[in-house]
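Visitor: Quick one: structure below, then a few questions.
Each value in this text was obtained by applying a stated rule to the coordinates, not by laboratory testing. Worth saying up front: this structure is predicted, and the values here are computed from it rather than measured. Note that each Cβ is placed from the backbone with ideal geometry, even for glycine, and that neighbours are counted across all protein chains shown.
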Amino acid sequence: MEIRRGQRLAMGDLCQNTDSFQVGLSISGLGSEIDFACFGLNAQQKLSDERYMTFYNQTESPCGGLKLVKPDQDSARFLCQLTALPANIDRLVFTAALNSSETMWQLQGGYLRFLVANQEVARFSFSGADFLDEKALMVGEIYRKDNGWRFSATGQGFNGGLAALVKHFGGDVAEDSLQPVGKLSLEKKIAAVAPKLVDLAKKATLSLEKHRLSSTVARVGLVLDASGSMYAQYDKGKVQQVIERLLPLAVHFDDDGELDVWAFSSKTLALPAATLQNYADYIASAEYGWRNWGMMSINNEPAVIEQVIQHYSNTNLPVLIIFISDGGVSQNAAIKKLLVEAAALPIFWQFVGIGGRNYGVLEKLDTLAGRVVDNCGFFSLDDINSISEQALYERLLNEFPLWLEAAKLKSIIR
């Protein structure tokens, strides 16, 4: 069903089952990120309970009737269960807000659509021609009327961003808490020193916000396989690409903006930290360049794992270790023992296989027994270039938030 701007319809005409449906929103043609939110208002159209503002920093209402979920295709998607909402929630307003110099007339197209069982049942479409210089939109509203629920395709522009919307609805949430702080500070920090990495910073920020890691402070370490089978990866510049792709994460998480780095084959070498100042030719220049590291021998994972553990032995912060390997893992028992013991430490190990095979125990980390928390993850890629930066950040950060929660519950981190 196509819904026209200004049209009002009974929810029963849009969704046969109003107990469980989804609202998908999308806007295209803008270069900056868009903050989507749903405001649960009272009969006076005010945000009387700030817990019913559902957005990237608060993804679920107390009653469970509103939940921001990961979309398959839309820019944002809300799971709605109207029967779960308390009686004082009279209206749901779905909004979109910009936090940049762009305005809504610049958007190419957008929509709000209803889905039942992941199948679209109705859509309200709009374009930039419908707006002027507004920074935000009230896209649509679901509201109570005559003992039922109705939908209004509002499509109304609003002067001001997300913070202005909150104030308009009577909320008193601190404005700073609504700003995507990680995104702005990360982009500004990188733009000032390493402008070539700004695009990567934007993509990293999107994943950080999605996984609610915008305010997380952590140390970040990178372990590089430098065994003989990795020669081509170094020679063709693919290991340098790893440095460039991962540095924005370190700049975000670490107040010093440093990425701790180790290389290993039969021995382990602690390298200088990668920073925005030295990243550009890091692999070719750190410790006189990779050809002078004395590596390219067999791999000895236990030795570098022990050195990493020792390095972070006195930290009070969570640590994210990204461990690059091209396989050939043989010391399975020793690796397993170290990782089981390390589960009591504030370190999460994200192993990444690149262009190799025979990853041994690394492929069985999810079933590794005897750990107080699940402190490891693994995925493999045929080639670092076979995956987009956005997809890479999603996979790198997929399990880290789960570990953070589990580690806090076990008092491993504060």
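Visitor: Given R₀ = 35 Å, what would the calculated FRET efficiency be for residue 84 paired with residue 372, taking r from the Cβ atoms and rounding to 0.05?
Guide: On the way: r = 35 Å, r/R0 = 1.00.
Step by step, r from the Cβ atoms, then E = 0.50.
Visitor: Further, regarding this structure: What list of ³J(HN,Hα) couplings, whole Hz, do you get for the stretch 262-268 from phi and the Karplus terms 6.51, -1.76, 1.60, once you set θ to phi - 60° and write x for glycine and proline?
Guide: Karplus-based 3J(HN,Hα) across the stretch 262-268 equals 10, 10, 8, 9, 6, 10, 10 Hz.
Visitor: Now for a separate question. Using Cα atoms only, what is the angle between the long axis of helix 238-253 and the major principal axis of the chain, expressed in degrees (0 to 90) to the nearest 10?
Guide: Tilt of helix 238-253: around 60 degrees.
Visitor: Report Rg(Cα)/(2.2 N^0.38 Å) for the chain, keeping two decimals.
Guide: This ratio for the chain stands at 1.12.
Visitor: Could I ask something else about it? Put a dot 7 Å past each Cα toward the Cβ at residue 44 and residue 196; how far apart are the dots in nm?
Guide: For residue 196 paired with residue 44, the spin-label model returns 5.7 nm.
Visitor: With a point put 7 Å past each Cα toward its Cβ, work out how far residue 127 is from residue 398 in nm, to one decimal.
Guide: Distance between label points: 3.8 nm.
Visitor: With contacts defined as alpha carbon pairs under 8 Å and 6 or more residues apart, what's the relative contact order of the chain in percent?
Guide: With pairs under 8 Å counted, the relative contact order is 12 percent.
Visitor: Place the peptides 371-384, 193-206 in order of packing, highest mean first, counting for every residue the other Cβ atoms within 10 Å and averaging per peptide.
Guide: Highest mean packing first, the order is 193-206, 371-384.
Visitor: Mind computing the radius of gyration and Dmax over the alpha-carbon atoms of the stretch 2-177? Å is fine for both.
Guide: Spelled out, the Cα radius of gyration and Dmax of the stretch 2-177 are 14.9, 43 Å.
Visitor: If you take the C-alpha gyration tensor of the stretch 195-268, multiply each eigenvalue by 5 and take the square root, what semi-axes do you get, largest first, in whole Å?
Guide: Sorted largest first and rounded, they come to 26, 15, 10 Å.
Visitor: Search the structure for amide H atoms under 5 Å from the amide H of residue 378, placed 1.01 Å from N in the peptide plane, and list their residues when 5 or more places away or on another chain.
Guide: 351
Visitor: Nearest 0.05, what FRET efficiency do residue 382 and residue 334 give at R0 = 25 Å with Cβ-Cβ as r?
Guide: 0.35
Visitor: Which semi-axis lengths, in whole Å and largest first, follow from the square roots of five times the eigenvalues of the Cα gyration tensor of the stretch 182-409?
Guide: Gyration-tensor ellipsoid for the stretch 182-409: 24, 22, 16 Å.
Visitor: With the calculation restricted to Cα positions, what are the radius of gyration and Dmax of the stretch 1-105 in angstrom?
Guide: 14.4, 41
Visitor: Which FRET efficiency, nearest 0.05, do residue 236 and residue 164 yield, Cβ-Cβ r, R0 60 Å? Could the numbers behind the result be given before it?
Guide: Numbers: r = 49 Å, r/R0 = 0.82.
After rounding, the FRET efficiency stands at 0.75.
Visitor: Please report the antiparallel percentage of the DSSP beta bridges confined to the stretch 205-290, to the nearest 5. Write down the numbers at each step before the final one.
Guide: Details: 5 of 10 bridges.
In the stretch 205-290, DSSP labels about 50 percent of beta bridges as antiparallel.
Visitor: If you take every DSSP beta bridge fully contained in the chain, what fraction is antiparallel? Give it as a percent rounded to 5.
Guide: 70 percent
Visitor: Would you kindly give the portion of the calculated P(r) for the stretch 288-414 that falls above 17 Å, as a percent of all Cα pairs? Working shown, then result.
Guide: Working: 4841 of 8001 pairs.
In whole percent, the share of Cα-Cα pairs in the stretch 288-414 beyond 17 Å is 61.
Visitor: Please compute the contact order of the stretch 2-177 in relative form: average sequence separation of alpha-carbon pairs under 8 Å and at least six residues apart, divided by the residue count, as a percent.
Guide: RCO, the stretch 2-177: 29 percent.
Visitor: Also, I was wondering about something else. What number comes out for the charge environment of residue 313, summing +1 per Lys or Arg and -1 per Asp or Glu over other residues with Cβ under 15 Å away?
Guide: Here the count lands on -2.
Visitor: What does the extension gain come out to for residue 212 and residue 8, with contour length at 0.36 nm per residue minus their alpha carbon separation?
Guide: 69.9 nm
Visitor: Moving on to the next point. Among 163, 84, 138, whose Cα sits farthest toward the positive end of the charge dipole of the stretch 2-177 (+1 at Cβ of Lys/Arg, -1 at Cβ of Asp/Glu, about the Cα centre)?
Guide: Sorting the options by dipole projection puts first 84.
Visitor: Can you tell me how much longer the chain between residue 145 and residue 344 gets when fully stretched, taken as 0.36 nm per residue apart minus their C-alpha distance, in nm with one decimal?
Guide: Working: separation 199, 0.36 × 199 = 71.64 nm, distance 5.47 nm.
So the extension gain works out to 66.2 nm.
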